[in-house]
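Bear in mind these aren't lab numbers, they're just calculated from the coordinates by the rules spelled out. Computed from a prediction, not measured in an experiment: that's the story for all the values here. Heads up, the Cβs are rebuilt from the backbone with ideal geometry, glycines too, and the neighbour counts pull from every protein chain shown.
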Amino acid sequence: MSELSVVNAKHITGHILDIEFNDGHISTIDFATFIFSVGHPDYEVYKKIDGFLNFDIVDGNINWDDYTMIFPVEDLYNNKIIKHS
């Protein structure tokens with residue numbers, strides 16, 4: 001199997017995106033829990049929808065503001081952006 005990559009991301013509502021991968025899989029991910037619980041000042045801008053929607057797909061991944069916020073592609077694919085202890 002080739003390396004997973006993001007080919008498209010579509011805004012659904014709020015902080016929810018449908019993310020399409022190069023194998024046709026689509027993950028619906030709600031980023032709100034991560035953004036609002038991390039507590040890092042760099043993520044404040046993403047609490048507002050306009051800031052959150054200011055992303056690009058770069059090298060097969062979703063990238064906010066020149067890598068200020070980015071997730072491993074496998075975590076996006078499996079909808080596991082929140083690490084549980």
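The table that follows gives values for the structure above.
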read-out	value
Net +/- balance of residues flanking TRP64 in space, Cβ distance below 13 Å, scoring K and R +1, D and E -1	-4
Descending semi-axes in Å of the chain, equivalent ellipsoid built from Cα gyration tensor	20, 14, 12
Estimated dipole of the chain in Debye, rounded to 20 [Cβ of Lys and Arg +1, of Asp and Glu -1, Cα centre]	340
